[in-house]
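**Student:** Mind looking over this structure? Questions follow.
Rule-based calculations on the coordinates, nothing more; no lab input. Computed from a predicted structure; not experimentally measured. FYI the Cβ positions are ideal-geometry reconstructions off the backbone, even for glycines, and counts take in every protein chain you see.
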Amino acid sequence: MTWRIRSLNSKKVTEVPCRTGVSLRAIAIGLVLVGVTCFVVSYAELVIMRIQIGFLQMPPAVIGVFFFLVLLNRAMQRLRRMLGLSAGELVMIYCMMLVASMISSRGIMEKIIPLLVVPNYFANSTNRWSELFFPNIKKWLVPFDPQGPPQQFT
């Protein structure tokens, strides 16, 4: 994959090879940092028990680990340009760490799992959710039968 770049002063077009965000080294670095993130979040929430650093939109554990990765990346780019990670690779690693911090913290239990039963729990004849939303909900996605009666487990 290449980018075609044209300079403003001349009509010369040069092709520059570009790197995508998904690469083997980005996946390897991301997996290592996922392990670090899971350890930090689990230690903070299960051992210290006073810090909740894994379930926010911008978790401090992820921001901290990512900050050190960016500093290390800048140092590697100064040594040799090809050693540094591209912006796409950094975004992919950051997203991997975000998902890992949410899964390893209590955030997945408080935020995602309750959302699975909300349509069924709050469906009634007044808001007509069973008519409006249930036909669009896939059966494998939720722990209730969308074709069944509303409020099955209440």
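**Student:** What FRET efficiency, computed as 1/(1 + (r/R0)^6) with R0 = 22 Å and r the Cβ-Cβ distance, is obtained for Val118 and Gln57, rounded to the nearest 0.05?
**Tutor:** So the FRET efficiency works out to roughly 0.70.
**Student:** If you stretched the chain out fully between Ser125 and Glu110, how much longer would it get, using 0.36 nm times the residue separation minus the C-alpha to C-alpha distance?
**Tutor:** Stretched out fully, the Ser125 to Glu110 stretch lengthens by 2.7 nm.
**Student:** Something else now. Let me make sure I get this right: for segment 20-105, a, b and c are the square roots of the gyration tensor eigenvalues over alpha carbons, sorted descending. Under 1.5 in a/c it's rounded, otherwise prolate if a/b > b/c, else oblate. Which is it?
**Tutor:** Prolate, since a/c reaches 1.5 and a/b exceeds b/c.
**Student:** Then there's this: Counting alpha carbon pairs within less than 8 Å and at least 6 residues apart, what relative contact order, in whole percent, applies to the chain?
**Tutor:** 22
**Student:** Give, rounded to the nearest 20 debye, the magnitude of the charge dipole that the chain has about its Cα centre when Lys and Arg contribute +1 at Cβ and Asp and Glu contribute -1 at Cβ.
**Tutor:** My answer is approximately 1000 debye.
**Student:** Now for a separate question. With label points built 7 Å along Cα→Cβ from the Cα atoms of Ile27 and Phe68, find their separation and express it in nm.
**Tutor:** If labels sit at Ile27 and Phe68, their model points lie 2.5 nm apart.
**Student:** Separate question: Is the C-alpha gyration tensor of the chain telling us rounded, prolate or oblate? Criteria: a/c under 1.5 is rounded; beyond that, a/b larger than b/c is prolate, otherwise oblate.
**Tutor:** Judged from the Cα gyration tensor, the chain comes out oblate (a/c at least 1.5, b/c at or above a/b).
**Student:** Right, another one. Angle check, please: helix 60-79 long axis (alpha carbons) against the longest principal axis of the chain (alpha carbons), in degrees 0 to 90, nearest 10.
**Tutor:** 20
**Student:** Sort 98-105, 72-79, 135-142, 28-35 for me by packing, meaning the mean count of neighbouring Cβ atoms within 10 Å per residue, highest on top.
**Tutor:** Descending packing order for the listed peptides: 98-105, 28-35, 72-79, 135-142.
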